[in-house]
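The values are calculated or read from the model by the stated rules, or taken from the named source; none is laboratory data. All figures in this text were calculated on a predicted structure; none of them were measured in a lab. Backbone-built Cβ (ideal geometry, glycine too); neighbour counts: all protein chains shown.
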Amino acid sequence: MKISNETRIGILAVVSIVLLILGFNFLKGKSFFDKNDRIYAIFPKVTGLANSSPVSLNGLQIGMVSEIKERSPNIEDGIVVTINLARHINIPKNSVSYINADLLGTSSLVIEPGNAGEFLADGDTITSRVKAGLMDEVSGSLNPALKSLDATLISLDSLIQVVGTYFDPATKDNFHVIVANLSKASAGLNQLIASQNSNLNKSMQNLESVTANLAANNETITHTLSNLEKTTDQLATADIKGTVTSLQGAIGNLNGVVAKANSKDGSIGLLLNDKKLYQNLENTSRSLNILLDDLRTNPKRYINVSVFGRKDRSKPLQAPLNDSTQTTPQSQ
């Protein structure tokens, strides 16, 4: 049977259309031959993500995005992304998905695997999070820099305006006066520094003289320090505590003697504090003076060495003779 050219062309057209449909669906992540698992992810925004965007796990592509649609008529409720897995693979339930955008503007869906023992099943929803893209990070880094640059340019413009006012003809003379005053101040500062340098040189010379004297008397200072060290060693080894204890004992004994002298119980106390004893001693002394004066003026009354002399019949003295060198105490 001979097939006409028209039939051949029709069959070729049908086959081409079928292949085109199959290839288009394959690019979208759909397959008519195998029933693949599907999981879902919900994002607040899907910038750069499109149908047939690759889905990777640990850098390995495991599927593609097959559909992107709003979760509800209210777009703020989120956008549902359908992930068509190319083959059956165990994805832990605590895995997280995020959209990764590159510099060229294309985006892909990345799944970070978790460590759960249970795995996602067909029709489950995977946890999602929003990750800033590379362009967002660059933009976030450039914005503060641009703001700082704007502030710097504004400050530079203000500085240029201020400098321009100094070179204005109306203020030109003032600027020259300021420069002249600065020159005078600089000259005065140089003179002050020179005088201070002179004083500093004198101080350094005096310090050098002092250090020379110390070096010359180094042996004497060493000997003095050695003697001081010996003295401190002797003080450290001396029984200072025992000496202080003995001194305290002696002071206590002296206090006891003074206490006894102040009291009327002992002989010293009676001698110092008994008025009657004092009067008796005074009377005894006066009688002794009378006896000595009488012995001196009338010796014959007490010692008679004359054989033929007459006996001294004068009366004994009743009071001591007056002494020109001292005053006779009055009788009590």
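Go through Ser128, Ser139 for me and flag whichever is within 30 Å of Pro54 (Cα to Cα), at pLDDT below 70 and either outside the structural domain of Arg87 (by TED's automatic domain parsing) or hydroxyl-bearing (Ser, Thr, Tyr) (or both).
Values: Ser128 fails: at pLDDT below 70.
Testing whether each residue is within 30 Å of Pro54 (Cα to Cα), at pLDDT below 70 and either outside the structural domain of Arg87 (by TED's automatic domain parsing) or hydroxyl-bearing (Ser, Thr, Tyr) (or both) leaves just Ser139.
Residues are listed down the side, and each one gets a yes or a no for (1) surrounded by 17 or more Cβ atoms within 10 Å (Cβ to Cβ); (2) polar (S, T, N, Q); (3) over 49 Å from the mean Cα position of the chain (by Cα); (4) assigned by TED's automatic domain parsing to the domain that holds Ala41:
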{"residue": "Asp77", "(1), (2), (3), (4)": "no, no, yes, yes"}
{"residue": "Ile83", "(1), (2), (3), (4)": "yes, no, yes, yes"}
{"residue": "Ile89", "(1), (2), (3), (4)": "no, no, yes, yes"}
{"residue": "Ser95", "(1), (2), (3), (4)": "yes, yes, no, yes"}
{"residue": "Ser108", "(1), (2), (3), (4)": "yes, yes, yes, yes"}
{"residue": "Glu112", "(1), (2), (3), (4)": "no, no, no, yes"}
{"residue": "Phe119", "(1), (2), (3), (4)": "no, no, yes, yes"}
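Which one of Leu19, Leu27 is outside the structural domain of Gly123 (by TED's automatic domain parsing), modelled with pLDDT under 80 and not charged (D, E, K, R)?
Leu27
Residue-wise test of (1) of a type in the set (S, T, N, Q); (2) modelled with pLDDT of 80 or more.
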residue: Leu146; (1), (2): no, no
residue: Ile154; (1), (2): no, yes
residue: Leu159; (1), (2): no, no
residue: Pro169; (1), (2): no, no
residue: Asn190; (1), (2): yes, yes
residue: Ala215; (1), (2): no, yes
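Look at Gly309 and say whether it is at pLDDT 70 or above and not β-branched (Val, Ile, Thr).
Details: at pLDDT 70 or above: no; not β-branched (Val, Ile, Thr): yes.
No, not satisfied.
Consider only pairs whose beta carbons are under 6 Å apart and that are at least six residues apart or on different chains; among these, list those whose first residue lies in the stretch 65-91 and is part of a helix (DSSP H, G or I) and whose second residue is at pLDDT below 90.
Listed pairs, sorted by first residue: Asp77/Arg71.
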